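The values are calculated or read from the model by the stated rules, or taken from the named source; none is laboratory data. As the structure is a computational prediction, the values presented were derived from the model and not from experiment. Cβ coordinates were reconstructed from backbone atoms using ideal geometry, including for glycine residues, and neighbour counts include every protein chain displayed.
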Amino acid sequence: MVSMSKIATGNGHGENSPYFDGWKAYETNPFHPIDRPDGVIQMGLAENQLCFEFIKKWLMEHPEASLCTAEGVNRFKETALFQDYHGMPEFRQAVAKFMGKVRGDRVKFDPDRIVMSGGATGAHEMVAFCLADPGEALLVPTPYYPGFDRDLRWRTGVELVPVICESSHNFQITRTAMEAAYEKAQEANLKVKGLLITNPSNPLGTTMDRETLKSIVKFINEKNIHLIGDEIYAATVFKDPEFVSISEVIQEVECNHDLIHIVYSLSKDMGFPGFRVGIVYSYNDAVVNCARKMSSYGLVSSQTQHLIATMLNDDDFLHNFIMESKEQLFKRHKYFTWSLSQVGIGSLKSNGGLFIWMDLRKLLKEKTFDAEMDLWRVIINEVKLNVSPGSSFHCHEPGWFRVCFANMEDNTMEVALSRIRSFILKNNESIIPRKLCRRSSLKLSLSRSLSRRMDDFMSPAGIMSPHSPLPQSPLVRART
Amino acid sequence: MVAISKIATGNGHGEDSPYFDGWKAYETNPFHPIDRPDGVIQMGLAENQLCFNFIKKWVMEHPEASLCSAEGVNKFKETALFQDYHGMPEFREAVAKFMGKVRGGRVKFDPDRIVMSGGATGAHEMVAFCLADPGEAFLVPSPYYPGFDRDLRWRTGVELVPVVCESSNNFKITRAALEAAYEKAKEANLRVKGLLITNPSNPLGTILDRDTLKGIVKFINEKNIHLIGDEIYAATVFMEPEFVSISEIIEEVECNRDLIHIVYSLSKDMGFPGFRVGIVYSYNDAVVSCARKMSSFGLVSSQTQHLIATMLSDDDFVDSFIVESKEQLFKRHEYFTLSLSQVGIGSLKSNAGLFIWMDLRKLLKEKTFDAEMDLWRVIINEVKLNVSPGSSFHCDEPGWFRVCFANMDENTMEVALLRITTFMHKHNEAMAPRKLCRRASLKLSLSRRRDDFMSQNMMSPHSPIPQSPLVRART
């Protein structure tokens with residue numbers, strides 16, 4: 001019998017969970033418009049697939065962004081050799097500029113505070129290693145991204161204490177909730193080292209208002225604990241209210257900047273999860289210094305640094321991309337939520353992210369998480385959609401589901417909506433709001449109104465992108 | 001006062017060391033043939049710069065290797081979205097094939113055992129996290145790569161116990177040394193979880209012979225501890241004896257394969273440290289499974305996976321590259337060591353790596369590490385070469401220095417040799433061994449040899465960018 005580490009033999013990787021059923025269902029029978037039209041449609045992966053045509057056009061016009069073209073190959077050697085953990089200056093400058101522009105140039109980011117990491121996954125682990133000792137804790141508002149359980153805890157030994165947010169408040173983070181979580185940690189003898197917020201929120205798709213942010217900053221200053229702002233969805237805010245970043249709020253209220261750190265990545269805003277571009281931005285010099293040394297474990301490939309530097313240093317591209325992306329997300333979000341509302345399905349009002357927080361509480365047999373899991377299995381096995389149940393996000397209340405809408409083309413979206421529509425009509429006549437027509441004309445009017453609306457929402461280019469049949473379990477991905 | 005972690009405030013990052021003097025000297029005054037001809041020449045960085053023209057030629061002939069060319073852009077989207085921690089199948093297949101070819105086709109590697117990591121730096125940390133708990137230990141033969149102190153210990157809490165190897169037997173890893181280290185760990189109440197060997201060796205540039213390897217495999221099986229073989233320099237073996245890998249030995253002797261793991265990377269063999277292509281290859285299914293999950297913290301960029309997959313799937317390229325690389329390294333090594341011997345400087349007889357283990361014991365004022373540091377400062381400040389003192393590699397005996405030879409163009413090599421020659425003349429005039437020629441004919445004999453070894457002119461401007469080894473993920 002060969003001995004490995006406790007970390008290796010334990011469950012900290014987070015993959016021994018019931019949510020695998022959904023993924024297995026998808027992986028054994030993934031939807032394909034031609035090969036497997038009855039397969040499971042993936043709506044559990046928060047990917048941004050709406051802007052690739054735009055990006056590819058830029059690539060074709062800028063061969064110098066590649067190290068392998070005639071225009072770029074003269075930089076192949078110096079780039080292949082470049083392993084300096086400071087990162088390429090032009091890469092840091094480009095990322096800093098992008099981050100500033102995404103915030104409407106209301107703040108400037110210092111390229112020298114930009115530290116690389118192995119995606120946001122690596123960034124979160126790195127920040128935990130820098131700020132907390134094993135056994136210490138971070139507060140995290142619920143519902144939150146399931147990957148945090150692994151990223152912040154697995155190899156670090158750090159604990160997470162949830163800050164419970166409730167649907168009655170639209171899941172807003174209240175002072176009361178933060179105090180309660182802080183107390184709970186103290187009772188459990190856990191020293192709280194920081195608070196981690198995700199803004200825009202995953203899974204809610206909402207942005208935090210200025211008052212909430214100020215209150216959070218006030219709270220962490222009073223407790224003298226760190227604030228980590230995961231702003232990975234910053235550029236996905238597609239409508240008002242405008243995104244307000246931690247970086248802006250700390251200019252407006254009194255705050256010890258040594259407590260402030262931002263985690264960022266290009267995985268969601270640009271749709272580049274494969275490129276592993278994770279960023280830690282800290283206002284604390286000691287943390288920047290330490291994180292930079294730790295970044296050796298997950299530097300961004302210099303080949304990718306070069307591509308990103310070239311791309312994001314192009315001001316026109318930056319400006320147009322941000323606008324195009326918002327527009328595509330806005331259209332897709334609007335069409336999706338409107339179509340759902342037509343069959344009586346509501347969701348939390350949202351203005352950002354790549355998903356909606358769908359409210360299926362009234363479809364639960366009873367107000368329990370078991371009932372939520374039952375409903376989930378029905379959605380997977382009968383409706384053939386892989387969505388993410390709220391309990392996987394540590395939601396306090398059963399019946400909520402995160403449903404991704406930006407990771408598929410229009411045709412697939414139509415199929416998904418049609419399946420949802422059929423399911424609702426078959427099973428839940430009673431939930432259809434009275435103001436809709438009688439059943440027989442319902443389908444007609446729905447399909448008429450849906451197809452009419454579809455033209456309204458149809459983006460100009462019909463995005464032609466074959467849906468990939470590759471198995472893509474969220475837990476084999478670095479991030480969902 | 002804001003509290004951060006103990007890991008952050010401690011010294012585990014390894015950068016508070018006296019060796020920074022050398023790097024500072026280089027960074028403030030780096031050599032450049034035109035701009036700074038009197039600057040410090042970097043000979044402390046184990047980089048392989050000898051094959052870039054060969055590689056660039058292939059790159060130009062294969063636009064499909066890039067996601068940004070007309071030929072490759074149709075794969076841009078699927079690649080940019082690909083974050084599966086299994087890694088691209090074509091990437092794993094290509095790497096497995098390359099690893100097999102580097103071992104002369106004597107072993108086959110299973111693509112499904114290939115796990116990605118953030119360079120070899122990330123690979124080593126990942127293996128430590130998989131195999132050992134905080135407070136447990138690995139044995140590591142000295143002299144060893146200084147980065148291990150950080151990679152294996154810093155965030156993991158794992159300890160390292162040196163297996164002391166001595167110059168008297170050419171730094172061989174003996175059974176006695178292994179046992180002594182194991183005992184020492186026990187006395188310190190440290191539970192030994194594994195033994196980490198680097199083969200070919202950094203800093204020695206030598207390979208382990210078959211008997212030594214068998215002895216090592218026997219030892220770890222008896223103690224039921226893991227064996228981690230860092231084979232990052234596998235393709236840099238430029239002359240006999242032929243490289244023997246752990247992967248070959250375990251087919252020849254009885255061994256519990258669950259104890260066997262290989263760390264690899266393309267940073268040295270191909271000269272791509274910037275691309276962060278780290279690999280963990282384990283014969284233990286549970287370790288593969290765990291490492292794969294951990295690889296999320298340091299996956300290889302899918303853009304790079306695509307490039308490498310295309311490159312290493314080209315059999316002709318791989319076969320030719322391996323041959324070309326060996327040839328360039330052989331020539332450079334032979335020329336360098338011969339030139340050094342001409343001025344009375346010896347080094348450990350080596351057949352691999354990107355450096356030599358230079359023997360400057362006779363130049364020490366006294367047999368102490370202080371004297372070694374004094375000599376080192378002289379080499380940096382007077383000879384203007386940044387080399388790495390043996391103490392930074394935990395060498396048991398003062399006077400040895402690692403000197404890299406593959407990270408510069410020929411002209412820079414000439415300048416370096418000239419400086420060494422000049423320095424030795426000054427020194428030898430005081431020491432004057434009888435068998436060296438008189439000074440005047442020495443220069444003549446050196447220039448004749450240079451023509452013999454002159455390979456095609458490699459036009460590569462030496463980069464003036466400051467490159468401290470400790471800012472690099474790996475030296």
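Taking the conditions (1) outside the structural domain of B:N48 (by the TED database); (2) of a type in the set (V, I, T); (3) outside any helix (DSSP H, G or I) in turn, B:T304 satisfies each one other than (3). Residues of the range B:272-291 that are surrounded by 24 or more Cβ atoms within 10 Å (Cβ to Cβ) and at the interface with chain A (Cβ under 9 Å from one of its Cβ atoms): B:F272, B:P273, B:G274, B:F275, B:R276, B:V277, B:V287, B:C290, B:A291. Does A:V244 satisfy the condition of being among the hydrophobic types (A, V, I, L, M, F, W, C) and either within 14 Å of chain B (Cβ to nearest Cβ) or within 27 Å of B:S66 (Cβ to Cβ) (or both)? Here the answer is no, as A:V244 does not meet what is asked.
Among the residues of the range B:149-166, just one is among the basic types (K, R) and more than 10 Å from chain A (Cβ to nearest Cβ), namely B:R153. Can you tell me which residues in the range A:332-360 are assigned to a helix (DSSP H, G or I), surrounded by 18 or more Cβ atoms within 10 Å (Cβ to Cβ) and not polar (S, T, N, Q)? Across the range A:332-360, the qualifying residues are A:R332, A:H333, A:Y335, A:F336, A:L340. When each of B:L299, B:L312 is tested for being facing chain A (nearest Cβ under 7 Å), touching a residue at least 24 places away in the same chain (Cβ under 8 Å) and of a type outside the set (D, E, K, R), the lone residue that passes is B:L299.
Candidates in the range A:256-271 are the residues that are within 11 Å of another protein chain (Cβ to nearest Cβ) and under 19 Å from A:V244 (Cβ atoms); of these, the one that is surrounded by the most Cβ atoms within 10 Å (Cβ to Cβ) is A:H261. Condition check: in a helix (DSSP H, G or I) and in contact with a Ser or Thr (Cβ under 6 Å, 6 or more places away or on another chain). Does A:A123 satisfy that? Answer is yes for this residue.
Within the range B:287-305, which residues are charged (D, E, K, R) and more than 27 Å from B:A65 (Cβ to Cβ)? Matches in the range B:287-305: B:K293 only. Those helices (runs of 4 or more DSSP H) of the range B:1-120 in which at least 3 residues are in contact with a Ser or Thr (Cβ under 9 Å, 6 or more places away or on another chain), considering only elements entirely within it, cover B:20-28, B:52-61, B:76-81, B:89-102.
Put simply, of B:M408, B:M373 the only residue that is of a type outside the set (S, T, N, Q), at pLDDT 55 or above, surrounded by 13 or more Cβ atoms within 10 Å (Cβ to Cβ) and outside any loop (DSSP other than H, G, I, E, B) is B:M373. Inspection of the range B:31-50 identifies at least one residue that is touching an Asp or Glu at 6+ places or on another chain (Cβ under 9 Å) and surrounded by fewer than 15 Cβ atoms within 10 Å (Cβ to Cβ).
Here B:P18 clears all of (1) at pLDDT below 95; (2) within 14 Å of chain A (Cβ to nearest Cβ) except the condition numbered (2). The test for being of a type in the set (V, I, T), more than 7 Å from chain A (Cβ to nearest Cβ), under 27 Å from B:H333 (Cα atoms) and out of contact with any strand residue (DSSP E or B) (no Cβ under 8 Å at 6 or more places or on another chain) holds for B:I55. One residue stands out among those in the range A:100-148 that are within 13 Å of chain B (Cβ to nearest Cβ) and hydroxyl-bearing (S, T, Y): the one that is farthest from the chain's Cα centre (by Cα), which is A:S117. When the range A:347-387 is filtered for residues that are polar (S, T, N, Q) and farther than 30 Å from A:E242 by Cα, the ones remaining, listed by number, are A:T368, A:N381, A:N386. Selection within the range A:241-264: residues that are under 18 Å from the mean Cα position of the chain (by Cα) and among the hydroxyl-bearing types (S, T, Y). The member of this set that is farthest from A:N351 (Cα to Cα) is A:Y264.
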